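The structure appears right after this line, and notes come after that.
Read-outs: derived from the displayed coordinates by stated rules, not from any lab. Note that the structure is a prediction, hence the values are computed from the model and not measured. We place every Cβ from the backbone using ideal geometry, glycine too, and count neighbours over all the protein chains shown.
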Amino acid sequence: MPFVVAVLLASVCFGTTGAAQALGPDADPLSIGAARILIGGGALALVAWLMAWRRRRAVGAVGAGSTAGRVLGGRPRHPLSVAFAIAIGAAGVLAYQPAFFAGTASNGVAVGTVVALGSAPVITGALDWALRRRFPGRRWLVATAVATTGVAVLAAATDPSQASSNPLGIAASVAAGASYAVYTLAAKHLLDRGWSPTGSMGALFGTAAVASLPILLLTDAAWLATGPGLAMALWLGLVATTLAYTLFGAGLAGLAPAVVSTLTLAEPLTASLLGVLVLGETLAAGSVLGLAILGVGILVLASSGCRWSNVRSRAWTSSSSPGSGSAPTPGTTSSPSSKSRGTAPIR
């Protein structure tokens, strides 16, 4: 249960993104995303290094690789190398936001968010099954279907004007869901090799932070020089990224990737509640219905006991399958606050 709680708390942090953007200054979403990854990813890498340094002092000299999380041995059966896992995971972190924004710009926040959020758990579960031979389980399938339906109802009620869809925009949203799945599975691979949760997330997001610096410099970052802009960047970086992914990594260490993905669908629920409680927005009847359906899906999964993933790299069999896996879902939500600002929330 602590793993489930960690993922749900991470989702609450993710869900503050829309409200933080609504309270902050208008800025280019690409610039906001780059600043968020730079601050949050850099802080995650620093936290990982400090924890590894303290561990070295407590246990003795360990080796150079421990600054990001050391391999404790015994579980290197996955074909991906550590360097490749970090590289592809960081690429997934960087690719997620522009792909998400492209989808919402083409088809609107409602359609773009539903496709991105809805595809991420499915893609994560499918990839995890293909790479690790670990079926997420029937309960996960039911919970994901119910929760995704809730997201669809919620998004449609939030932005009913978007009725048509552009195939390229749909492809971009699916690419966002795939990007999320890629960096989730990359982090899980590092965990399976003995890395710490903080070390694995610090490695991925620290690498992405370095790559995001040129992106930030190429955008109009004047908003960062203002008090509200800096406050927004720090919140998105330190709370919605550093703290959120520290909790996310802790949950991922004990749950199947597919389980984590569906549990993070609690993010749009959080975003909608903050829109009402903090921004003074009102929810249509359809939005309330969507939130209720979404909540039921999450409860179905969370109440199942979500078998911990101590099977790790073991081949899946009917007796070792996680009875209710759930996958990490994109942290972008279509909260009313994001829509009203004309930008989509950044996970």
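Ranked by the mean number of other Cβ atoms within 10 Å of their residues, highest first, the peptides 260-267, 203-210, 135-142 fall in the order 260-267, 203-210, 135-142.
Modelled label positions at Ala83 and Ala211, each set 7 Å beyond Cα in the direction of Cβ, lie 1.6 nm from each other. Between Arg133 and Ala285, the modelled label-to-label distance comes to 5.3 nm, taking each label 7 Å out from Cα in the direction of the beta carbon.
Set the Förster radius R0 to 30 Å, insert the Cβ-Cβ distance between Ala145 and Arg55 as r into 1/(1 + (r/R0)^6), and round the FRET efficiency to 0.05.
Working: r = 42 Å, r/R0 = 1.39.
According to the calculation, E is roughly 0.10.
Within the shell defined by Cβ-Cβ distances under 15 Å, the residues around Ala6 carry a net charge of 0, with Lys and Arg each +1 and Asp and Glu each -1.
Could you sort 289-301, 7-19 so that the peptide with the highest average Cβ count within 10 Å comes first and the rest follow in order? Numbers along the way, then the final one.
On the way: 289-301: 19.7, 7-19: 25.3.
So the peptides 289-301, 7-19, ranked by packing, come out 7-19, 289-301.
For the range 88-150 versus the range 247-308, the spacing of their alpha-carbon centroids is 14 Å. The range 1-58 has equivalent-ellipsoid semi-axes of 28, 19, 7 Å, by the square roots of 5 times the alpha carbon gyration tensor eigenvalues, sorted largest first. Computed from the Kirkwood radius of its Cα pairs, the Stokes-Einstein diffusion coefficient for the range 102-211 at 37 °C and 0.692 mPa s stands at 214 µm²/s. Placing a label point 7 Å from the Cα of Leu218 along the Cα-to-Cβ direction, the residues of the range 14-34 whose backbone N falls under 17 Å of that point are 28-34.
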